[in-house]
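Here is the structure we will look at.
The values are calculated or read from the model by the stated rules, or taken from the named source; none is laboratory data. Just so it is clear, the structure is predicted and the values come from calculations on it, not from any experiment. Cβ atoms come from the backbone with ideal geometry, glycine included; neighbour counts cover every protein chain shown.
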Amino acid sequence: MYSLTGYASMVADRFRSGAYVEALRKTVRQGSVVVEIGTGPGVFAVLSCQLGARQVYAIEMGGIIQVAREIAAANGCANKIEFIEERSERVTLPERADVVVSDLRGVLPLFERHIPAIADARHRFLAPNGILVPQKDILWAAIVEAPESYKELVDPWENNALGQDLSVARQMIVNTTHKIRVNPDQLLTAEQLWTTLDYRTVKDPDVRGHLHWRVERAGTGHGILVWFDANLAEGAGFSTGPSAPETIYGSLFLPWTRPVSLAPHQEVAVRLEAKLVENDYVWRWTTQIKPSGVSDTAHIEFAQSQLSGDVLSTVQLHKTAADYTPHLSEEGRLHRRAFELVDGTISLEEIAHRLATEFPQRFPKWEQALSYVGAISREFSR
């Protein structure tokens with residue numbers, strides 16, 4: 001969940017906010033029904049009312065929804081906005097929407113369960129001939145020269161004051177993705193289209209594809225940069241690319257195992273894949289760099305994956321093996337008992353007293369059990 005400061009950054013981003021304002025002006029009509037998924041502080045829900053919406057359903061999982069309620073009241077829109085504190089896939093609405101608006105992205109639109117949520121909303125919330133905002137996101141990639149960003153990643157593990165061999169950590173850090181901002185002159189290749197996410201049709205959250213470049217100028221390649229162009233509505237959108245004004249999104253950096261000197265016209269091919277696993281994406285990038293033809297450089301290949309960058313102990317890995325037979329820990333038994341007691345017949349206070357009696361080492365005071373079961377209630381009760 002974002003902090004209030006994080007939401008403030010979104011509101012203050014005039015390129016993002018301005019594009020959404022323009023998109024809503026083009027799509028919300030007098031009497032429209034609007035659904036906003038991930039309403040945050042509710043500014044777009046309020047704007048939809050101000051543009052003439054008859055009813056807005058503002059869906060938000062986080063505690064920021066209380067701020068949104070108060071903002072709606074302060075702007076005279078409380079009677080037109082129904083705030084729903086829940087994951088959108090669990091929500092049932094009484095009517096279909098003319099407009100479904102969202103910004104569930106992170107650095108890229110490939111973020112948590114963004115695509116499944118939009119596909120679900122399109123199927124269950126959107127009226128025939130209704131409009132999605134955004135309509136599509138177009139993802140681009142290029143080879144980037146980013147010495148400062150690369151140094152920030154690897155330098156602590158290469159040049160540490162303790163004089164220790166920390167190469168294991170270095171190997172992990174170059175197998176993780178990072179948010180950076182670069183200038184257009186740091187690109188060593190032209191941009192290549194990786195994929196288009198058309199939210200009017202997209203179903204599969206996974207993206208994979210091959211990219212091929214010829215280097216345009218001599219330089220040192222440090223990895224792959226990925227960004228997106230957002231098409232919110234006809235004539236309304238923004239870009240997060242190096243040539244565009246800076247936004248809160250930044251660009252995604254997939255570093256190479258090591259920097260590579262590149263010559264003009266040298267060929268670089270990348271297989272890039274992002275796969276949704278539970279609630280997070282796992283990235284893989286395989287790079288092949290052909291010899292330049294003007295030197296004795298050899299063919300270079302990097303095979304990288306976030307699976308190599310995850311910090312997992314052998315004990316944790318063992319517990320995820322297909323042939324592992326799991327047994328509930330003491331904490332697991334506590335979770336199970338708490339869910340058994342949350343059956344709609346007794347209060348949280350009574351549940352807390354029972355948990356404190358049954359798990360005295362975990363809860364020396366019943367108030368501690370109340371905090372524990374309260375968190376469960378916020379997440380899973382209705």
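Considering each residue of the stretch 190-208 in turn, at least one proves to be among the small types (Gly, Ala, Ser) and at pLDDT 95 or above. Within the stretch 142-156, the residues that satisfy the criterion of being over 23 Å from Ala190 (Cβ atoms) and surrounded by 14 or more Cβ atoms within 10 Å (Cβ to Cβ) are Lys151, Leu153, Val154, Pro156.
Considered as a group, the residues in the stretch 74-100 that are in contact (Cβ under 8 Å) with a residue 60 or more places away in the chain and hydrophobic (A, V, I, L, M, F, W, C) include one that is farthest from Asp229 (Cα to Cα), and that residue is Ala97.
Every condition in (1) over 28 Å from Leu104 (Cα atoms); (2) polar (S, T, N, Q); (3) not in a strand (DSSP E or B) holds for Thr220 except the one numbered (3). A count restricted to the stretch 137-182 and to residues that are over 18 Å from Ser251 (Cβ atoms) and either outside the structural domain of Trp213 (by TED's automatic domain parsing) or assigned to a loop (DSSP other than H, G, I, E, B) (or both) stands at 9.
Considering Ser32, Ser17, Ser48, the condition of being polar (S, T, N, Q), surrounded by 17 or more Cβ atoms within 10 Å (Cβ to Cβ), under 20 Å from Val107 (Cα atoms) and touching a helix residue (DSSP H, G or I) at 6+ places or on another chain (Cβ under 8 Å) is satisfied by Ser17 alone. Which members of the stretch 26-55 meet the condition of being of a type in the set (Ser, Thr, Tyr), closer than 16 Å to Glu95 by Cβ and out of contact with any Gly (no Cβ under 9 Å at 6 or more places or on another chain)? Passing the criteria: only Ser48. Flag not set for Phe359, criterion: exposed (fewer than 14 other Cβ atoms within 10 Å of the Cβ) and in contact (Cβ under 8 Å) with a residue 12 or more places away in the chain.
Can you tell me which residue in the stretch 329-382 is farthest from the chain's Cα centre (by Cα), limited to those that are of a type in the set (Ser, Thr, Tyr) and part of a loop (DSSP other than H, G, I, E, B)? Spell out how you get there, then give the answer.
Start the filter on the stretch 329-382 by keeping residues that are of a type in the set (Ser, Thr, Tyr), which leaves 329, 345, 347, 357, 371-372, 377, 381.
Pick out the ones that are also part of a loop (DSSP other than H, G, I, E, B) and you get 329, 345, 347, 381.
Details: Ser329: 31, Thr345: 38, Ser347: 36, Ser381: 25 Å.
Taking the candidates together, the pick is Thr345.
Among the residues of the stretch 265-280, those that are part of a strand (DSSP E or B) and within 21 Å of Glu191 (Cβ to Cβ) comprise Glu267, Val268, Ala269, Val270, Arg271, Leu272, Glu273, Ala274.
Residues of the stretch 325-374 being under 21 Å from Arg90 (Cβ atoms) and either at pLDDT below 90 or of a type in the set (Ser, Thr, Tyr) (or both), which ones? Within the stretch 325-374, no residue meets the criteria. Checked against the criteria, Glu60 does not count as touching a Lys or Arg at 6+ places or on another chain (Cβ under 9 Å), assigned by TED's automatic domain parsing to the domain that holds Tyr20 and among the acidic types (Asp, Glu).
Every condition in (1) under 22 Å from the mean Cα position of the chain (by Cα); (2) at positive phi; (3) assigned by TED's automatic domain parsing to the domain that holds Gln266 is met by Glu112 except one, and the failing one is (3). Taking the criterion of being in contact with an Asp or Glu (Cβ under 6 Å, 6 or more places away or on another chain) and within 20 Å of Leu108 (Cβ to Cβ), the residues of the stretch 123-159 that qualify are Lys136, Ile138, Trp140, Ala142.
Return yes when Asp103 is closer than 30 Å to Gln55 by Cβ, touching a strand residue (DSSP E or B) at 6+ places or on another chain (Cβ under 8 Å), in contact (Cβ under 8 Å) with a residue 24 or more places away in the chain and charged (D, E, K, R) and no when it is not.
Details: closer than 30 Å to Gln55 by Cβ: yes; touching a strand residue (DSSP E or B) at 6+ places or on another chain (Cβ under 8 Å): no; in contact (Cβ under 8 Å) with a residue 24 or more places away in the chain: yes; charged (D, E, K, R): yes.
It is false that Asp103 is closer than 30 Å to Gln55 by Cβ, touching a strand residue (DSSP E or B) at 6+ places or on another chain (Cβ under 8 Å), in contact (Cβ under 8 Å) with a residue 24 or more places away in the chain and charged (D, E, K, R).
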